[in-house]
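The values are calculated or read from the model by the stated rules, or taken from the named source; none is laboratory data. Note that the structure is a prediction, hence the values are computed from the model and not measured. In this analysis, Cβ positions are derived from the backbone assuming ideal geometry, glycine residues included, and neighbour counts consider all displayed protein chains. SASA here: full protein model, heavy atoms, side chains in, ligands and nucleic acids out. Shrake-Rupley method; radii C 1.70, N 1.55, O 1.52, S 1.80 Å.
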Amino acid sequence: MADKPKMLWHSNAPWASTGYGMQTSLATERLVDDYEIAVSCFYGLEGARLSFNKDIKVYPGWGQSYGNDALPQHALRLFDGEHRGGTVVTLMDVWVIDANMAAQFNMVCWTPVDHDPAPPMVKQFFDGSGAVPIAMTRWGQERLEKWRPLYCPHGVDTSIYKPLDQQECREAAGLPKDAFIVGMVAANKGWPSR
């Protein structure tokens, strides 16, 4: 059997209780069967390498924000010293990534777009890096149209989040049968709180 293609996933640690951490966990657990995959963390791990489900290597951040210092070293380690020996997938805001560093790798960036139009620093990153964008929303895909983005919404663990009987849930939670209810799943991280 041929060797698996190599992939370095760069984001929050897969055990971090953040949106990116949860997406990292869901995605890498599925990709490990088809890729030789490792995770490079800029949040959630400092100091030493650990392993995650199915023996996925998880490399630490080194102190500089967002891993611009650590990511290239982790990629070269995984890619046997070859800058283009695999694919780097980032799950984060791209405006914090060094475009010159990113241009050295085959990079795919799963990124939010939260402005209209996309912010100048996002545009500068994609112009300077040659990275392929992956939009999380159709709206974001439209804002990144110039760079021919792929589209992939975030995933969900359906063993936890799944449709249930609405009236039974309202009754269990002590909510009125006919009230309009709004809920949110979110993790505030950083200062100031979002």
Subject >> Residue tally, condition touching a residue at least 60 places away in the same chain (Cβ under 8 Å), out of contact with any helix residue (DSSP H, G or I) (no Cβ under 6 Å at 6 or more places or on another chain) and among the charged types (D, E, K, R), over the range 1-31 >> reply: 0
Subject >> Selected residue (criterion: least open to solvent (accessible area, probe 1.4 Å)) from residues of the range 39-63 that are in a strand (DSSP E or B) and among the polar types (S, T, N, Q) >> reply: 40
Original post:
When both residues are 6+ apart or on different chains and their Cβ atoms are under 7 Å apart, which pairs have a first residue that lies in the range 154-178 and is open to solvent by less than 90 Å² (accessible area, probe 1.4 Å), and a second that is charged (D, E, K, R) and assigned to a loop (DSSP other than H, G, I, E, B)?
Top reply: 167/177; 170/177
Subject >> Residues within the range 101-155 that are touching an Asp or Glu at 6+ places or on another chain (Cβ under 7 Å) and under 23 Å from residue 31 (Cβ atoms), tallied >> reply: 2
Original post:
All but one of (1) under 24 Å from residue 29 (Cα atoms); (2) outside any helix (DSSP H, G or I); (3) open to solvent by 50 Å² or more (accessible area, probe 1.4 Å) hold for residue 66; which doesn't?
Top reply: (2)
Original post:
How about the range 77-88: which of its residues are out of contact with any Leu (no Cβ under 7 Å at 6 or more places or on another chain) and open to solvent by less than 20 Å² (accessible area, probe 1.4 Å)?
Top reply: 79
